[in-house]
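Shown next, in structure tokens, is the structure this report addresses.
The values are calculated or read from the model by the stated rules, or taken from the named source; none is laboratory data. None of the values given here were measured: they were computed from a predicted structure. Positions of Cβ are backbone-derived with ideal geometry, glycine not excepted, and every protein chain shown enters the neighbour counts.
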Amino acid sequence: MKVSKTGIGNPARAILLAVAVLLYVVAPATVAQTQNSPAASTQATAPQRHLTVQTNLVLVPVFVYDRGRMAQAPKEEMPCARAAVVTFFKLAPTEPYLPKDCDVTEVQDLSGKDFRLFEDGVEQQIESFEAAAWRIVVRDNLGWHLQASATPRGIWSLSELSTLKKIPFVTTGFHVLGYVPRDAKEGCHRIRVEVNRPNLLVFARDEYCGERSPSDPLVGTSQGKELERILASEKRGKIPLSLQGATFYTGGDHSLVDLSLRFSSNDLYRKWDASNWTLYARIGVMGVIRREDGTVAARFSDLLYPSYWPTFDQGGAKYIEWEKGTTNLSTAVPRLLTPGTAGKVAVSDSGTGNSTLALSFPNVANEIAPDEAAIKTALDSSDPFWLPTRYETQVDLPAGDYDLEIVLNDGWNFGRAKIPLTVEPYDGKQLALSSAALCKSLRSAAVAAKENAQANFAPQYVPLVSKDILFSPSGDTSFAKGEPLFAYFEVYEPQLAENPAAPVSVHMRILDSKTGNTKEDFAPIDAASYKQAGSSVLRIGRKIPIDQLPKGSYRLEMQATGSMGRSTAWRAANFTVE
């Protein structure tokens, strides 16, 4: 990870001004605090075919590095890094940030023909080969931060970087190999990847378990079993979590459920090894959605920094020492994990150390002793580039009443949260209203689409977009004074398909959740400006005025009225002002 520092410009302010035309209204959402959960099975029961995208294709992330270029990487990368910083701060909010990857150690000119893949020692046919970046820089109205993803729908948001005036200039590119197991046996299987070139460092997924969904990669693994044990226990966690869920109709007999989990990076265990610039962090998450009878309707899981992940700091920390001239640690070289056959190929093999990336820092001339204290300080300052504060994902559910329980585990402590979920039945023939997602951040949807497409980032996550503004749900629905509150929701009016001029309005109000007294009663909103040609769905994003509300707990209520004068039932949810 490379880090640079500057005080030029204010992208967050520009983005905020770009969306200042949003009207002030309110909309509901839901939040949960940590609760105890009953012991029960966490395995999903039939039917499941609509819950996730099921496939026999096993996806294998692979990182490939040129060890021969690591010694001079800092010097070679610095011009690119400085240019990236200048570009970043000159960009308008409507322009995508599509940086050149400055990491000269990543091997980019590979194709599927360069790889061989083995499962339990048996070579498999590689069916797909894609390039991707598992981290991207996100600019929003609050500043900028990194997002990471290695599953089709899961997104980890890392700590805020704008307060540090730092940006990363390495996108951490990798390749994704896909294969269909020749003999799909139950249980877990070992994976090994070879690259038909010598003297490369190869890090690859080293295991998969049968019956695993791309959206539930931990099922059957040791990390997954630990999360299941926590969910089945009565233990209360030590990591505070907040959770929000919102449902949206998508057609057919299922609805999209958007989930956002919030936590503090300060509560997560992590350790930097100053001797080899390696981060140890294993942040796992698992969610189980149960029907009223206790059976499992759906589940998901994710893991940030699996054991095979190359979590070494390639950049900012090294630059600090290198530029000061206090150490020659710019010669950092990860050791070659496996030399391969006659030195002609590079191999990923957890049995030879792939589970822990070992780095050595030879002092070329033996002239300068490393400043261990400075190294530790530099590495600690890299935490915001690695530690998450939010996790988002989506699932598909049929109509019904459910309970969602989610657990987050850092290998040392854990947190858990639980909320009820209700998916209302909808046949697409009458006026209807979704629940709403409360948000604190937003950005240009067009920019996000271009940035995500370049990185092949969380390709199955459906963004919540209104008038080309992408709204990001917040797991935490407590709002401090001066903190923005936005709401995203959808109105479904079938009459619009036949009569695009049919009127639709939305009425919103805020109530004191304790007394039931009305605190704000907003004039009905004409939703005409949210109509899209050929669509009966109105996607609405608004800003909620809470500056005048005193500290307390509130209930947001909303109702839609259609062309025939018929109105939906009131939707309600809670939020707090601190």
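Applying the condition of being exposed (fewer than 13 other Cβ atoms within 10 Å of the Cβ) and in contact with a Leu (Cβ under 7 Å, 6 or more places away or on another chain) to the stretch 503-534 and asking which residue is farthest from Q430 (Cα to Cα) yields N517. Considering R182, R197, R153, R139, the condition of being part of a strand (DSSP E or B) and among the charged types (D, E, K, R) is satisfied by R139 alone. Within the stretch 192-224, if we keep just the residues that are hydroxyl-bearing (S, T, Y) and under 16 Å from P306 (Cβ atoms), the residue that is surrounded by the fewest Cβ atoms within 10 Å (Cβ to Cβ) turns out to be S222. Selection over the stretch 525-554 of residues that are under 29 Å from the mean Cα position of the chain (by Cα) and either hydrophobic (A, V, I, L, M, F, W, C) or modelled with pLDDT under 90 (or both) gives a count of 5. Strands (runs of 3 or more DSSP E) fully within the stretch 467-560 that include at least 2 residues being basic (K, R) and touching a strand residue (DSSP E or B) at 6+ places or on another chain (Cβ under 6 Å): 537-543.
Within the stretch 169-191, the residues that satisfy the criterion of being more than 21 Å from T151 (Cβ to Cβ) and crowded, with 22+ Cβ neighbours inside 10 Å are F169, V170.
Just checking, how many residues over the stretch 380-419 are part of a helix (DSSP H, G or I) and surrounded by fewer than 22 Cβ atoms within 10 Å (Cβ to Cβ)?
From the stretch 380-419, those part of a helix (DSSP H, G or I) are 380, 383-385; that's our starting set.
When the remaining residues are screened for being surrounded by fewer than 22 Cβ atoms within 10 Å (Cβ to Cβ), the result is 380, 383-384.
Going through the stretch 380-419 one residue at a time, the tally reaches 3.
Pairing residues of the stretch 217-233 that are at pLDDT 90 or above with residues that are part of a helix (DSSP H, G or I), at Cβ distances under 6 Å and at least 6 apart in sequence or on separate chains, gives L218/G224. Hey, can you tell me all the residues within the stretch 228-274 that are aliphatic (A, V, I, L, M) and over 19 Å from the mean Cα position of the chain (by Cα)? Listed by number, the residues that qualify are I230, L231, A232, A274. Looking at S213, is it outside any strand (DSSP E or B), among the hydroxyl-bearing types (S, T, Y) and either touching a residue at least 12 places away in the same chain (Cβ under 8 Å) or not assigned by TED's automatic domain parsing to the domain that holds A374 (or both)? Yes; evaluated as a whole, the condition is true for this residue.
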